[in-house]
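One structure below.
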Amino acid sequence: MRSRGGFLLACWCVLLAAAQTAAFVAVWWFFVRTWRGQTLDTIALTGNSIGQDEAYGPASTVLGVVSVASLALATGVIGFIALIRGRVLLAVVATAVIGGSNLTTQLFKYGTARPALGVDPYDAYANNSLPSGHTTVAMSVAVALVLVLPAALRGVGALIGAAYAAAAGVATLSAGWHRPSDAVAAILVVGAWAAAGLLVLALARQQRPETNGHARHPTSLALLVVVGGALLAVAGLAMAVTDEVTTVPLELLSRRRLFVAYVGSAAAIAGTAGLTMALVLATARYAAPPRSVSDSGADPQATRSEEAGTVRD
């Protein structure tokens, strides 16, 4: 890490980890420790009753594939992909992101309490459910897979991974297993661990910043940022609308109000997954660049021609 670019990359990874951690703390404090946050969460969770009979089957299918056995299998496959590419450190980092994220979620969930603030009398003695374990598993596996994939495949992998993680998070809400803040917090936990992993890769990096166009993935990045940002805007609008009725008894809220809260929460989960994955994809281009021409997906002959032209110039 002797170059100025390497120093800036390391600073960016530290900033990214700090921002994700701060966002996680903010979500936890507002939605768990305050009356207003608990009320907004409860209204959104109650909104899942609209169409729940139709949504429960697909949600259960999505959540059914998330288990300890499937997590272990996915971790092994991800580590194997990195190892067959000759990237030992990448294998260690990817598996650490999965293990660290899920361990953090479980320790925080069972190590903190959810205060009873009178929002839901039936839930007064319930244990803390933030962050969501299922969402953590889905997002951590998706992020780790993007890290170990060859650079040419990361864009497609990021789109599929973000969609899978978003589906898992929304499924926990639709099935009534988790409040929306639980899923959002889980994604932020993974984002913080991913940033830490990218920092390790950045500090160990030997190459100059990757400049090959195949590693940029402008279309994938644009989709993740634009769609993710739009979904978060919808979530913010829905939250503002729902905030107007936080003093109304839950049983008196109309189906329209409940539906708006539910849709806004689903948008918040999907939007957070999209933007978090976009940050991972953009940073991985520099922190974990391809080690060879074939690894980047570039045409070897074209690359040799470009290098020759550069020497002549």
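Val25 - would you say it is under 19 Å from the mean Cα position of the chain (by Cα), at pLDDT below 95 and either assigned to a helix (DSSP H, G or I) or not aromatic (Phe, Trp, Tyr) (or both)?
No.
Just to verify a result, which residue in region 50-85, among those that are outside any helix (DSSP H, G or I), closer than 18 Å to Ala142 by Cβ and of a type outside the set (Gly, Ala, Ser), is modelled with the highest pLDDT?
Val66
The rows are residues; the columns are (1) basic (Lys, Arg); (2) crowded, with 19+ Cβ neighbours inside 10 Å; (3) out of contact with any Asp or Glu (no Cβ under 7 Å at 6 or more places or on another chain); (4) modelled with pLDDT under 75.
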residue	(1), (2), (3), (4)
Leu8	no, no, yes, no
Gln20	no, yes, yes, no
Phe31	no, yes, no, no
Thr34	no, no, yes, no
Ile43	no, yes, yes, no
Asn48	no, yes, yes, no
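For (1) under 25 Å from Ala22 (Cα atoms); (2) of a type in the set (S, T, N, Q); (3) part of a helix (DSSP H, G or I); (4) modelled with pLDDT of 95 or more, each residue gets a yes or a no:
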{"site": "Asn128", "(1), (2), (3), (4)": "yes, yes, no, no"}
{"site": "Ser140", "(1), (2), (3), (4)": "yes, yes, yes, yes"}
{"site": "Val143", "(1), (2), (3), (4)": "yes, no, yes, yes"}
{"site": "Leu173", "(1), (2), (3), (4)": "yes, no, yes, no"}
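Going by what's in this entry, would Ala222 be described as buried (at least 24 other Cβ atoms within 10 Å of the Cβ), part of a helix (DSSP H, G or I) and aliphatic (A, V, I, L, M)?
no
The values are calculated or read from the model by the stated rules, or taken from the named source; none is laboratory data. Keep in mind that what you see is a predicted model, and the values were worked out from it rather than measured. When we count neighbours, we look across all protein chains shown, and the Cβ atoms used for this are built from the backbone with ideal geometry, even at glycine.
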